[in-house]
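Enquirer: Can you read through this structure? Questions will come right after.
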Amino acid sequence: MASPMRSLLTNPNRYLQAFRLFLANSTEHQCMREFMERQLPAVIASIGNEKPTINILSVGGGAGEIDLLILSKVQASYPGVTINNDVIEPSADQISKYKERVAETSSLENIKFTWHEETSYEYESRMNAEKKSKKWDFIHMIQMLYYVKDVPATIRYFQSLLEAQGKLLIILVSERFVEWVHTSIARAK
Ligand SMILES: C[S@@+](CC[C@H](N)C(=O)[O-])C[C@H]1O[C@@H](n2cnc3c(N)ncnc32)[C@H](O)[C@@H]1O
């Protein structure tokens, strides 16, 4: 049987319905913000030691809200250091919103943004075809692994792109919450 999360993703109407329920009933953004405040500084404490530039890869960066929060924490930990922030994001609409957010935000002067309009798999295929394996100090995949067909292979690939002191951050909602969303939709019908 397909997993509850996968069946949500293959049905756009059901997904939108679920997402609205999710936002209405979860403390997702609040939890994420708490994590960024309390835990993230320790996670990134060693990624940029003595480096003139910190390279960050956001996989499925969406409209950039969480990315900018992460970047503010990296800036606070490494004041004045140049940051290259690359974003893999297949949705043109999300990229456009991300660019608007960057344009409206001050204190991003030392950050260079590069957007790749493609999926994580397309990025991997393109890098392999170009024989490139750029290394990263920090890679994050926040609420995006649900969309990927081969999760272990995706994690293995991006983990292989980490610098020696690099860190990979993955954030997902638990399957139990998705099951709860399914049940709630079924009851609402
Ligand atoms: C739920 S959003 C999360 C956005 C952002 N990380 C956040 O937490 O606010 C998931 C994002 O992953 C993107 N996405 C979907 N499939 C993807 C794939 N195969 N590779 C990379 N990103 C993908 C979607 O377009 C969407 O912007």
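The values are calculated or read from the model by the stated rules, or taken from the named source; none is laboratory data. If you're wondering where the values come from, they're calculated on a predicted model, not measured in any experiment. Every residue, glycine as well, gets a Cβ built from its backbone with ideal geometry; the counts of neighbours run over all protein chains shown. These accessible areas exclude ligands, DNA and RNA; they are computed on the full protein's heavy atoms, side chains included. Shrake-Rupley method; radii C 1.70, N 1.55, O 1.52, S 1.80 Å.
Enquirer: When the Kirkwood hydrodynamic radius is evaluated over all pairs of different C-alpha atoms of the stretch 46-172, what value in angstrom, to one decimal, is obtained? Walk me through the intermediate numbers first.
Expert: Details: mean 1/r = 0.0673 Å⁻¹.
Computed over Cα pairs of the stretch 46-172, the Kirkwood hydrodynamic radius comes out at 14.9 Å.
Enquirer: What residues have an amide H closer than 5 Å to that of I170, excluding those fewer than 5 places away on the same chain, when H is modeled at 1.01 Å from N in the peptide plane?
Expert: HN-HN under 5 Å from I170: M141.
Enquirer: Quick one: what are the phi-derived ³J(HN,Hα) couplings along the stretch 39-44, Karplus 6.51/-1.76/1.60 with θ = phi - 60°, whole Hz, x for glycine and proline?
Expert: Running phi through 6.51 cos²θ - 1.76 cosθ + 1.60 with θ = phi - 60° gives 9, 4, x, 5, 5, 8 Hz.
Enquirer: Any of K97/K131; K132/K167; K73/K131; K112/K149; K73/K132 with alpha carbons more than 27 Å apart? Name them for me. Show your work: numbers first, answer last.
Expert: Working: K97/K131 31 Å; K132/K167 20 Å; K73/K131 32 Å; K112/K149 30 Å; K73/K132 29 Å.
Going by Cα-Cα distance, K97/K131; K73/K131; K112/K149; K73/K132 fall outside the 27 Å limit.
Enquirer: Taking amide H positions as placed 1.01 Å from N in the peptide plane, with prolines and chain starts having none, which residues 5 or more places from L162, or on another chain, fall under 5 Å of its amide H?
Expert: W136
Enquirer: Quick check: pseudo-label points 7 Å beyond the Cα along Cα→Cβ at T53 and Q165, how many nm apart are they?
Expert: Result for the modelled spin labels: 1.7 nm.
Enquirer: Sticking with this structure for a sec: Carbon-plus-sulfur fraction of the accessible area of the stretch 46-172, 1.4 Å probe, in percent? Intermediate results must be reported in sequence, preceding the final value.
Expert: Numbers: 3230 of 6290 Å².
Reported share for carbon and sulfur atoms: 51 percent.
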